[in-house]
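Handing you a structure now.
Just so it is clear, none of the values below were taken in a lab; they were calculated from the coordinates. These numbers were taken from a predicted model, which means no experiment stands behind them. Please note: Cβ atoms are built from the backbone with ideal geometry, for glycine as well, and neighbour counts cover all protein chains shown.
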Amino acid sequence: MKDFHWKRVTRLVGKAIGDFGLIEEGDRVLVALSGGKDSWTLLYVLRDLQRKAPVAYELAAVTIHPGSEGFCVAGLCDRLRQDGITHRIIDGNILDVVNENLSPGTNPCSFCSRLRRGILYSFAAAEGWNKIALGHHLDDFVETLLLNLFFNGAIKGMSPHLLSDDGRNRIIRPLVYVKEEMTRRAAGLLRVPIVGCGCTYQGMSGTRRSWAKALLAQIEQEVPDVKTNLLASMGRVQLRHLFATANECAENGHDAHKEHRLG
């Protein structure tokens, strides 16, 4: 049963890599390892695929230390050392920055995430890692889509393969086809030490996302394929049935009268 589940996750990640061209010959792939179930699963799946992939790529992990005393990385480091996985810890002192600069109405977890991302991008660029792998799974993709629809009035989600705004980093999300329940089970099979951020703000970002999770769980009772259907919709965009103007389509290289498919 263990082999069956792990092979299933690996197969889905391999499909995502092929569908979106996430990893190519000679890539240096840096996995952002937070210590949570998703990033652990991603790291070990990519390591397994590395052994049998038709292309050669380098793999390593990096952990951004937020500066909180509760963030204990000893078990994480021991496991990676035991398995021979290259790993770096970057001290970010993020908690101090959040405490000193948090303004009223700003979500501390979102602020922390932006700071982590900035540190991660800078480190990857400086060290020559041309791909950064993040552990966002299928549920993250569809929840983000719903949150943007309901709260931002935009049809916007996450991309499996993205060039950062500064043009220095390519972000890949190989778990795009993998549901959260699968990463939870995979991490359990790996017996890896799960590390929480240990921050006093932990969990404050979860209100709306928890609502989206609950909504999807409720809909799933009547529409079992709702998550995979929502994910598929992000790659089957029919601009002529939306509000896109001719000028906007021209700027993006699309024909407003034709169906546009992504991925």
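What are the ³J(HN,Hα) values, in whole Hz, obtained from phi via the Karplus relation 6.51 cos²θ - 1.76 cosθ + 1.60 with θ = phi - 60°, for each residue of segment 166-176 in sequence order, with x given for Gly and Pro?
7, x, 8, 10, 10, 9, 10, 10, x, 8, 4
Using 26 Å as the Cα-Cα cut-off, could you pick out the over-long pairs in LYS52/LYS213; LYS52/LYS156; LYS7/LYS156; LYS52/LYS179?
Correct reply: LYS52/LYS213; LYS52/LYS156; LYS7/LYS156.
Under 5 Å between amide hydrogens, which residues at least 5 positions from GLU58 or on another chain qualify, with H placed 1.01 Å from N in the peptide plane?
ASP27, ARG28, VAL29
Something else: Add +1 for every Lys or Arg and -1 for every Asp or Glu among the other residues with Cβ under 14 Å from the Cβ of LEU216, and state the total.
Taking every Cβ under 14 Å from that of LEU216, the sum is -3.
Using a cut-off of 13 Å between beta-carbons, work out the net charge of the residues near LEU134 (Lys and Arg +1, Asp and Glu -1, LEU134 not included).
Taking every Cβ under 13 Å from that of LEU134, the sum is +3.
With an 8 Å cut-off on Cα pairs and a minimum separation of 6 or more residues, tell me the relative contact order of the chain in percent.
Details: 378 pairs, mean separation 60.7, N = 263.
23 percent.
Also, I was wondering about something else. Rounded to the nearest 500, what is the 222 nm mean residue ellipticity of the chain from helices alone, with -39500 (n - 2.57) per DSSP H run of 4+ residues and division by all residues?
Calculated from helices alone, the mean residue ellipticity at 222 nm is -14500 deg cm²/dmol.
Within the chain, which is the longest segment that contains none of the trypsin sites (Lys or Arg not before Pro) sitting in a DSSP loop with at most 14 other Cβ atoms within 10 Å?
Answer from the scan: 1-155.
Sequence-distant or interchain residues sharing an amide H contact under 5 Å with ILE90, placed H: which?
Distant-sequence amide H within range of ILE90: THR63, ILE64, HIS65.
To the nearest 20 Debye, how big is the dipole of the chain about its Cα centre, given +1 on the beta carbon of each Lys and Arg and -1 on that of each Asp and Glu?
Charge dipole, the chain, about its Cα centre: 660 debye, nearest 20.
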